[in-house]
Amino acid sequence: MNNKEDHFKKVISHAKEYGFVFQSSEIYDGLNAVYDYGQNGAELKKNIREYWWKAMVHINSNIVGLDSAIFMHPTVWKASGHVDAFNDPLVDNKDSKKRYRADVLIEDYCSKIELKINKEINKGKKRYGDDFDLTEFISTNKKIIDYQNKIDSISKRLASSLENENLSDVKQLIEELEIADPLTGSKNWTDVKQFNLMFGTKLGAASEHSTDLYLRPETAQGIFVNFLNVQKSGRMKIPFGIAQTGKAFRNEIVARQFIFRMREFEQMEMQFFIKPGTQNKWYKYWKENRLNWHLSLGMGEEKYRFHDHGKLAHYADAATDIEFKFPFGFKELEGIHSRTDYDLNQHEKFTGKKLRFYDPEMNESYTPYVLETSIGLDRMFLAVLSSSLIEEILENNSIRKVLKIPSVLAPYKAAILPLVKKDGLPEIGKKILNDLKLDFNVFFDEKDAIGRRYRRQDAIGTPLCITVDHQTLNDMTVTIRFRDSMEQQRVNVNELLPLINKYASMKNWLNKL
Ligand code: ATP
């Protein structure tokens, strides 16, 4: 097992052991690619959602929220293109009977070539030391140029075959590259087929009168169909945005990698309605804005990169992903799409109703263009959890497992720990708890030795521990222990609220944006 796999396994078992994420219906042996969030996970998830909501809706006076239903009229999905085009190409291995996404098999093949490029670069760094010039090395090293050309030509061919629905060429590509089943090594593949990712269900009790419905595969369409409702009732002027968070459902062909790819997940999406012709400006604006939101959490600039799309979805004229360095490599965390007027036009066509914006200053109506930002809440959760879990070796050689979660997102902001369970210390601790609990989520723990209690808080990412001891009886001071540095300070109980505010309040963190 390599280090990355090892780290990912540790993240998954930590998530279970400390009440962040459980397999759904675990006592029935679980349900594939569906997960439940435990007591700490529910708090972390809520905090991420709130951090997003405040940054999008509360900070921007021209963005408002929406909470639309999961069920929608079935024609919505015809109009949006999902019934006809929301497909993934699947391929089965005849020997192992395992099912794969054909495009992902090919992309993984390219990632392996990328690893070879990185190896060459590392060799070059060693050979040339301080004189190493990356740009020059990449553009002159024969092996790297060949590898890069190979990646480019494979990616181009895959994009064009998918675009033209030429699935037999996708299969041919798999065969030419001699791609094998990653689990068994077999190269015995079926033909590549399209597979629609929407879940169907029925509305109504009597089967002869029931209507076929879909569980929404994205929250965006709820925003499009309410565009005029919100614009008129909120007297919104272009440019303006509508944001919402909520569940989405996709019958993913291969749902592995824990909560990275689930069948039921939550999205946080924002559609920004703009004047046609201004999409380049707003595309740049939202790329920068969203990256800043991520960077404000301080998880490290080197963990993010943009990946501009070669193959565009049927509705887009430009698209990029913000990729995050997950334990299994750089993968999409958020999408930023310039969706043109495709969706509003389609809904006009299918409903016969005008979905236009009347601009009183110009005295004209037009169909707005749309810039979309779309992030998976569960993927963001995995990004936070996987990059925060750290094992430190302490001076006495013991291992400290600590979740260095950005303190604004931590499930508990502070833990109150009476040193002993007597002499009136628990009573003072309870009083501190009551004084803080309406401002922040705080934890009270009086069991076990203090060292073990610190470790429990480290493992769930609590940034501050407040210890009540015998000195507190005399002068109402307590010790504050900081999670990351393990340093301790003595402060008066009156200073606790301002200190937690400074360290962990949304307001302070959002001010950095
Ligand atoms: P992918 O290429 O990984 O399948 P996508 O391009 O289909 O993702 P979008 O349709 O752009 O994803 O959805 C927006 C965001 O929703 C993604 O960036 C991702 O964070 C999240 N998301 C999409 N599918 C899933 C899923 N099955 N499980 C968890 N999150 C998801």
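The values are calculated or read from the model by the stated rules, or taken from the named source; none is laboratory data. These numbers were taken from a predicted model, which means no experiment stands behind them. So basically every Cβ, Gly included, is an ideal-geometry build from the backbone, and we count neighbours across all protein chains shown. SASA here: full protein model, heavy atoms, side chains in, ligands and nucleic acids out. Shrake-Rupley method; radii C 1.70, N 1.55, O 1.52, S 1.80 Å.
Give me the number: length gained by fully extending Asp484 to Leu433, i.e. 0.36 nm times residue separation minus the C-alpha to C-alpha distance, one decimal in nm. Please report the intermediate quantities before stating the final value.
Numbers: separation 51, 0.36 × 51 = 18.36 nm, distance 2.24 nm.
My answer for the length gained is 16.1 nm.
Full extension from Asp84 to Ala313: what is 0.36 nm times the residue separation minus their Cα-Cα distance, to one decimal in nm? Don't skip to the answer; put the middle values down first.
Values: separation 229, 0.36 × 229 = 82.44 nm, distance 1.26 nm.
Using 0.36 nm per residue and subtracting the Cα-Cα distance, I get 81.2 nm.
For region 427-458, which trypsin sites (Lys or Arg not before Pro) are in a loop by DSSP, counting at most 11 other Cβ atoms within 10 Å?
On the way: sites: Lys430, Lys431, Lys437, Lys447, Arg452, Arg453, Arg455, Arg456; in loops: Lys437, Lys447.
Within region 427-458, the qualifying trypsin sites (Lys or Arg not before Pro) (loop, at most 11 other Cβ atoms within 10 Å) are Lys447.
Which of the trypsin sites (Lys or Arg not before Pro) found in region 458-513 are loop residues per DSSP with 13 or fewer other Cβ atoms within 10 Å of their Cβ?
Details: sites: Arg481, Arg483, Arg490, Lys502, Lys507, Lys512; in loops: Arg483, Lys512.
Here the trypsin sites (Lys or Arg not before Pro) that fit, given the DSSP loop and packing criteria, are Lys512.
Can you tell me the equivalent ellipsoid semi-axes for the chain? Use √(5λ) from the Cα gyration tensor, largest first, whole Å. Before the final figure, lay out the partial values.
Numbers: eigenvalues 362, 208, 118 Å².
Each semi-axis is √(5λ); the values are 43, 32, 24 Å.
Which whole-number value in Å² is the accessible area per residue of the chain, probe 1.4 Å? Could you put the intermediate results ahead of the total?
Numbers: 25710 Å² over 513 residues.
Computed with neighbouring chains in place, this is 50 Å² per residue.
Quick check on region 87-195: take the gyration tensor over C-alpha atoms, sort the square-rooted eigenvalues as a ≥ b ≥ c, and tell me if it's rounded (a/c under 1.5), prolate or oblate. Walk me through the numbers before you get to the answer.
Numbers: a/c = 3.59, a/b = 2.15, b/c = 1.67.
Judged from the Cα gyration tensor, region 87-195 comes out prolate (a/c at least 1.5, a/b above b/c).
Among Cys110, Thr184, Leu162, whose Cα lies farthest out toward the positive end of the dipole of region 87-195, if unit charges sit on the beta carbon of Lys, Arg (+1) and Asp, Glu (-1)?
Value: Thr184.
Using Cα positions and a limit of under 27 Å, work out the lysines in reach of Lys421, with same-chain residues fewer than 8 apart set aside.
Here the lysines satisfying the reach criterion relative to Lys421 are Lys401, Lys413, Lys430, Lys431, Lys437, Lys447.
Given N residues in region 241-358, what is Rg(Cα) / (2.2 N^0.38 Å)? All intermediate terms of the calculation are to be shown ahead of the outcome.
On the way: Rg = 16.3 Å, N = 118, 2.2 N^0.38 = 13.5 Å.
This ratio for region 241-358 stands at 1.21.
Please name whichever of Met380, Gly41, Ala220 sits farthest to the positive end of the charge dipole of the chain, dipole taken about the Cα centre and charges placed at Cβ: Lys and Arg +1, Asp and Glu -1.
Gly41
Calculate the length of the line joining the C-alpha centroid of region 217-249 to that of region 256-302, in whole Å.
Here the answer is 16 Å between Cα centres.
With +1 on the Cβ of every Lys and Arg and -1 on the Cβ of every Asp and Glu, and nothing else charged, how large is the dipole of region 407-510 about its Cα centre, in debye rounded to the nearest 20? Please report the intermediate quantities before stating the final value.
Details: 16 positive and 13 negative charges, 56 e Å.
For this selection, approximately 260 debye.
Quick check for me: using +1 on Lys/Arg Cβ and -1 on Asp/Glu Cβ, what's the dipole size of the chain about its Cα centre, in debye to the nearest 20?
On the way: 75 positive and 72 negative charges, 125 e Å.
Computed charge dipole of the chain: roughly 600 debye.
Could you please state how large a percent of the accessible area of the chain is carbon and sulfur, counting protein chains only and using a 1.4 Å probe?
On the way: 12690 of 25710 Å².
Carbon and sulfur: 49 percent of the exposed surface of the chain.
Quick check on my link table: of Lys325/Lys404; Lys94/Lys116; Lys45/Lys202; Lys247/Lys349, which ones sit more than 21 Å apart, alpha carbon to alpha carbon? Walk me through the numbers on the way to the answer.
Working: Lys325/Lys404 16 Å; Lys94/Lys116 30 Å; Lys45/Lys202 30 Å; Lys247/Lys349 27 Å.
Lys94/Lys116; Lys45/Lys202; Lys247/Lys349, as the Cα separations exceed 21 Å there.
Charges at C-beta only: +1 for Lys and Arg, -1 for Asp and Glu. How large is the resulting dipole of region 87-195 about its Cα centre, in Debye rounded to 20?
On the way: 20 positive and 22 negative charges, 90 e Å.
My answer is approximately 440 debye.
Along the charge dipole of the chain, which of Ile322, Val468, Asn141 sits closest to the positive end, that is, farthest toward it, with unit charges on the beta carbon of Lys, Arg, Asp and Glu (+1, +1, -1, -1)?
The listed residue farthest towards the positive side: Val468.
In degrees between 0 and 90, to the nearest 10, how far off the longest principal axis of the chain does helix 450-460 point, with axes built from Cα atoms?
10
Which FRET efficiency value, to the nearest 0.05, do you get for Asn363 and Lys284 by plugging their Cβ-Cβ distance into 1/(1 + (r/R0)^6) with R0 = 30 Å?
0.55
Please list, short to long, the whole-number percent of alpha-carbon pairs of region 363-513 in consecutive 5 angstrom bins beginning at zero.
2, 8, 16, 18, 18, 12, 9, 5, 3, 2, 2, 2, 1, 1, 1, 0
Angle between the Cα long axis of helix 425-436 and the longest principal axis of the chain, 0 to 90 degrees, nearest 10?
Tilt of helix 425-436: around 40 degrees.
If the chain between Glu178 and Asn251 were fully stretched, how many nm would it gain, using 0.36 nm times the residue separation less the Cα-Cα distance?
Numbers: separation 73, 0.36 × 73 = 26.28 nm, distance 2.80 nm.
Here the answer is 23.5 nm.
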